[in-house]
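See structure below.
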Amino acid sequence: MGKENEAVEETITTTPSNDQDLTSTTNAIIQSQDEAENRPQLVRTLSTAPYSIFTPKTKLFIVFIVSISSLISPLGASTFYPALDVLAQDLHVTPTLINLSLTTYMIAQGIAPSIIAGMSDNSGRRLSYIICFVIFIVANVGLALQTNYAALLVLRMVQAFGCSAAIALSTAVVADIATSAERGRYMGYATAGLLIGPAFGPTVGGVLDQFLGWRATFWFLVIFAGMLLIIYGVFMPETCRNVVGNGSIPARGVNLSILGYLQQRKHAKEMLDDGEMEVASVNLAAKQRAKFKFPNPLKTLAILREKESLIVLLYNGAFFTGMIGFATPAIPVLYRDIYNLNTLDIGLCYITMGMGSLTSALTMGHAVDWNFRRHAKRLGVVINKGKQQDLSNFPIERVRLEVVVPGHIIGTLAILAFGWTLKYKTSLAGPEIALFFIGFGVSTAFNISNTLLVDLHRSTPATATAAVNLVRCFMTAGAAACILPLSNAINPGWAFTIIGLVYVCLTPVLFLLMSKGQKWRTETNALREKKRTAKLAREAIERDTESQEEGDDGLSVEPHEKEKDKGPQ
């Protein structure tokens, strides 16, 4: 009897999830399982554990690794930019057809994360990363050995499938380990690889093509991805909150790494030394790990039905297209025709844009976090270090987008300057300076709007970032296909002026989100909660129905046995 009372009075501290709603939902599921299995209902208290058990140094290591891994997507796309003409000659096709391989790459890159990201939100980041690296390696081996145009198109799509999800996963990892108050800095670091890759990729490709031939670019990618596969397999800890919570739930199988094991062991020892006991719902976590759910790509499309998210996605994709879809593919042809540069020189010209992106990544994240603290102080919101803030009544849209506005203006002016310096054939310094500010302005707007989208979808960050990929890649694919014909039809000055005018028209969108975003977010969250409640109610009814069909020992009772139990009528 004493043991039963102890069981009833037991207090379990659940590992904190991404937000308060998910914590309450998890507790409701556990409670309904207790009732369905006729167990004594346990009293549960809200966790006082930190948002993440990883130390600041470990967080920086994790973010550094995911930033390096996100390089494989832009490197896969851009390393052979300087060799486009050489590749066309070797495969006996026109440069226009070779540019088509860029378009098919972007289309595949937009679709693939919708599958991989959903899997990572359910089964963990490590497994998804490992699958991506293996696919990427196989595709690059094929590209290095292929000898015809059809194989190039197919293998480029496979290559995109293997590398594109790394972008969504890097953002998701930041959401796993960083609160909203510190997310700006970490997000800037994590996406640095994505944004500097298009700049340094052509540089690497130009050097390799100049001295070893275009096939060497793909062998370089095989080696790079192989190194990442080893690092992830051995060191990278699992961060997915649906698998390891704040890191305190022991990882198993493919989710377990050396660093993750050491971090969990250290945390357990600290809890024991402090005389505290943090118990997660181990049974529930084990069931979640055991059940592999095939990813549903439609969840990514569902984000497009949300008003605020759709506007952020369209803005994010349109602005990013200016750098990756228009400026980057135009450089090899325009620079060769205007400045008579070889492939190595063209590759080196991308460095300035990469430096602009890197400058944004290292500085503007701090500005975002400062603005968060400024608004929190103004509203009397206390920021607890290591704890996730309640954003339900916090103007997160204004906090993020106030920092986007300067980047938007800088990027727009730089796009205009880039086109007209090429039109008037100024010294090479003219378009190169413009490229630096394109990298800075576009990267600022992209990073921060991406961070806002993660704030709006904290429980499924990888799926949200997959939606970013879907929109921006489709936009970029169209832009890459039309920029050269547009520049030839009018001239680079007017071609990039049209793009700049589009960005001028997008400016009011920022202020619309700042004024209406919080209201739309409240409406969306209310609708989500309504759907979640209805789902839990349906699950409870199904469990009640199943329990009525089971015997006291939990075994199913056959119909003829039920008749025997009734006895004579």
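State which entries of 266/299; 59/387; 299/519; 299/377 exceed 26 angstrom in Cα-Cα distance in the structure shown. In this structure, 266/299; 299/377 exceed 26 Å between Cα atoms. Dipole check for the stretch 46-202: with +1 at the C-beta of Lys and Arg, -1 at the C-beta of Asp and Glu, and the Cα centre as origin, the magnitude is about 420 Debye.
You can think of it this way: the chain between residue 427 and residue 86 has 120.1 nm of extra reach, that is 0.36 nm per residue less the Cα-Cα gap. The distance separating the Cα centre of the stretch 331-379 from that of the stretch 223-250 comes to 29 Å. Projecting label points 7 angstrom from Cα along Cα→Cβ for residue 489 and residue 526 puts them 4.7 nm apart.
Once you list every other residue whose beta carbon is under 14 Å from the beta carbon of residue 80, what net charge do they have if Lys and Arg are +1 and Asp and Glu are -1? Result for the local shell: -1. In this label model, residue 94 and residue 511 are separated by 4.6 nm, measuring between points 7 Å along each Cα→Cβ vector. Take the alpha carbon atoms of the stretch 381-443, find their center, do the same for the stretch 76-118, and report the distance between the two centers in whole angstrom. Taking the Cα centre of each part, the stretch 381-443 and the stretch 76-118 sit 27 Å apart. For the peptides 112-123, 341-352, the ranking by mean Cβ contacts within 10 Å, running from highest to lowest, is 112-123, 341-352.
For the stretch 183-242, carbon and sulfur atoms together expose 77% of the accessible surface, with a 1.4 angstrom probe and every protein chain in place. For the pair the stretch 455-490 / the stretch 165-181, the C-alpha centres are spaced 19 Å from each other.
Dipole orientation for the stretch 129-239: of the candidates 149, 219, 233, 149 has the Cα lying most toward the positive pole (charges on Cβ; Lys, Arg +1; Asp, Glu -1).
Which is farthest toward the positive dipole end of the stretch 162-276 among 258, 162, 190, measuring Cα position about the Cα centre, with Cβ charges +1 (Lys, Arg) and -1 (Asp, Glu)? With unit charges placed on the Cβ atoms, the residue in question is 162. The accessible surface of the stretch 341-449, taken with every protein chain in place and a 1.4 Å probe, is 68 percent carbon and sulfur.
The values are calculated or read from the model by the stated rules, or taken from the named source; none is laboratory data. Being a predicted model, the structure only gives us computed values, none of them experimental. Methodologically, a virtual Cβ is constructed for each residue, glycine included, from the backbone with ideal geometry; neighbour enumeration extends over all protein chains shown. Surface areas here come from the heavy atoms of the whole protein model, side chains and all, with no ligands, DNA or RNA. Shrake-Rupley method; radii C 1.70, N 1.55, O 1.52, S 1.80 Å.
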